[in-house]
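Encoded as structure tokens, the structure appears first; notes follow it.
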Amino acid sequence: MKYRSYILVAVVSAVLVTLLHLYGCNPQSTQPLNQPKVTTNQPLEQEKGSTQKANATVKIHNFKFEPTTLKINVGESIKFANSDEEPHTVTATDGSFDSKALDTEEAWTHTFTKPGAFPYICAIHPFMKGTVTVTSTKGKNET
Amino acid sequence: MKRRNFINHVGWTGLGILWAVGGNGLLSSCNVSETTDKKQLNSSSLSFVQISDTHIGFHKPANEHVTQTLQKAINAINSLPTPPAFVVHTGDISHLSKPAEFDQAKQILSQLKAPLFTLPGEHDTIGDRGKAYSEAFSQKDKKEGLQSWDHSGVHFVSLTNVLDFGETGKGKLGQAQLDLLAKDLAAQKGDTPLVVFSHIPLYDLYPKWGWATADSANALSLLSRFSSVTVLNGHIHQIIQHSEGNIRFSTAASTAYPLPSPGNGEQPAPVKLPENHLLAVLGFRTVEFAPGHDTKVDQHSLA
């Protein structure tokens with residue numbers, strides 16, 4: 001009889017231990033979340049923070065800068081418009097420009113005054129990358 | 001006789017774990033350090049709390065009431081049966097680094113009965129390299145983003161890895177901070193239990209989403225000579241555990257909203273859950289060091 005109760009305790013415990021193990025006690029495993037499909041974002045309705053007219057637009061959508069690479073001439077400006085639900089930034093890796101946080105449906109326009117290639121990231125999601133290449137206008141002495 | 005003893009032993013071990021978990025809405029109970037139990041810690045019992053990713057200022061459908069969920073966590077921490085020695089916030093206090101968000105977060109966090117330590121997440125340093133953050137949360141005890149302190153025989157180090165980013169979008173500690181870490185750890189004995197905090201994980205959890213630190217290997221090599229190291233991170237908004245040698249890593253739940261598990265979906269965007277499901281994945285955790293026992297980490301959900 002005693003054995004039987006010991007075995008009962010052992011079996012119940014083993015089940016509990018196994019359950020607990022599945023719920024996060026395995027140091028090598030991840031705990032997947034019930035993840036619903038990521039909803040698509042609404043189109044830009046309002047754009048705050050942009051007063052100038054831009055020569056080109058970079059859309060920030062689904063954690064990507066579109067287009068990722070863009071060529072413009074010196075003195076021209078680009079509007080960066082965020083249509084994601086998440087905030088993003090447009091931050092030059094050399095520190096030469098930084099949009100601060102662009103929340104959903106906010107935009108930021110920047111005028112590029114120097115020629116060169118300007119890689120940038122989102123400082124909140126730094127795996128998001130883009131490059132603006134600024135070329136000197138025809139006949140000017142810049143390279 | 002032997003069989004009987006074995007069954008008895010297995011049985012009571014199971015019940016012991018059940019007891020440890022049965023408390024108040026704990027998700028799980030894990031021994032993060034198997035090595036500390038071999039030595040008696042020359043210290044009294046210590047308990048502290050980690051809270052993370054409060055994202056004050058977030059108001060999207062994934063959680064339109066982030067101040068309320070933070071408040072719920074604070075209330076639960078304040079009524080823990082064992083009052084924590086301190087609370088550590090592992091970053092993303094605010095959502096957009098706005099002074100008003102820091103003010104509001106500070107007001108709510110100031111209700112904590114225990115002293116609060118903070119470190120910044122990338123949401124706290126947007127556009128100003130943490131200026132607004134450091135105006136709200138004093139940085140006077142930090143050098144190069146590092147702060148360390150001792151409590152009950154345990155050495156604590158808090159690191160900053162959100163100000164610069166590696167080539168592939170990983171977090172970065174920077175050489176100046178690593179040098180300071182080397183200096184700080186040089187003064188510690190190898191059997192001193194270490195607890196290290198940073199926002200972004202200090203290992204390659206999921207580099208594609210930037211869930212990694214570019215120069216973490218340098219930090220880990222400094223930690224490798226210690227017999228018990230616990231690394232607690234935020235940023236991931238879910239509990240993920242990992243170990244390398246004597247180093248145990250664990251990311252924390254958020255009090256604001258969950259993120260998808262690594263690679264689940266196209267991007268690390270907030271996951272929308274029904275409210276009762278949401279509260280179950282939000283929370284904080286307690287970490288307990290008791291002399292002669294394993295380090296005990298308990299997850300407390302807000303459900």
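The set of residues in segment B:118-129 that are out of contact with any Lys or Arg (no Cβ under 7 Å at 6 or more places or on another chain), surrounded by 20 or more Cβ atoms within 10 Å (Cβ to Cβ) and of a type outside the set (Asp, Glu) comprises B:Thr118, B:Leu119, B:Pro120, B:Gly121, B:His123, B:Thr125. Residues that are surrounded by 21 or more Cβ atoms within 10 Å (Cβ to Cβ) and assigned to a strand (DSSP E or B) were ranked within segment A:96-117; the one that is farthest from the other protein chains (Cβ to nearest Cβ) is A:Ala107.
For segment B:79-101, which residues satisfy the criterion of being buried (at least 22 other Cβ atoms within 10 Å of the Cβ) and in a helix (DSSP H, G or I)? Of everything in segment B:79-101, just one residue is buried (at least 22 other Cβ atoms within 10 Å of the Cβ) and in a helix (DSSP H, G or I), namely B:Glu101.
Answer yes or no: is there a residue in segment B:210-227 that is more than 12 Å from chain A (Cβ to nearest Cβ) and without any contact (Cβ under 8 Å) to a residue 12 or more places away in the chain. Yes. Does A:Phe127 fit the bill of being part of a strand (DSSP E or B) and aromatic (Phe, Trp, Tyr)? For A:Phe127, the condition - part of a strand (DSSP E or B) and aromatic (Phe, Trp, Tyr) - is not met.
Of all residues in segment B:262-285, those satisfying the criterion of being closer than 30 Å to B:Asn218 by Cβ and crowded, with 20+ Cβ neighbours inside 10 Å are B:Pro268, B:Phe284, B:Arg285. The set of residues in segment B:167-215 being small (Gly, Ala, Ser) and under 21 Å from A:Lys129 (Cβ atoms) consists of B:Gly169, B:Gly171, B:Gly174, B:Gly210, B:Ala212, B:Ala214.
Being more than 14 Å from chain A (Cβ to nearest Cβ), in a loop (DSSP other than H, G, I, E, B) and over 30 Å from B:Gln107 (Cβ atoms) is the filter here; which residues of segment B:153-173 pass it? Across segment B:153-173, the qualifying residues are B:Gly153, B:Leu173. Regarding A:Lys59, is this residue in a loop (DSSP other than H, G, I, E, B) and among the basic types (Lys, Arg)? No. Restricting the search to strands (runs of 3 or more DSSP E) fully inside segment B:203-266 and requiring at least 3 residues that are within 17 Å of B:Leu181 (Cβ to Cβ) gives B:229-233.
Only the coordinates and a few stated rules stand behind these numbers; no lab work does. Since the structure is predicted, the reported quantities are computational estimates derived from the model, not experimental observations. All Cβ positions, glycine included, derive from the backbone under ideal geometry; neighbour counts span all protein chains shown.
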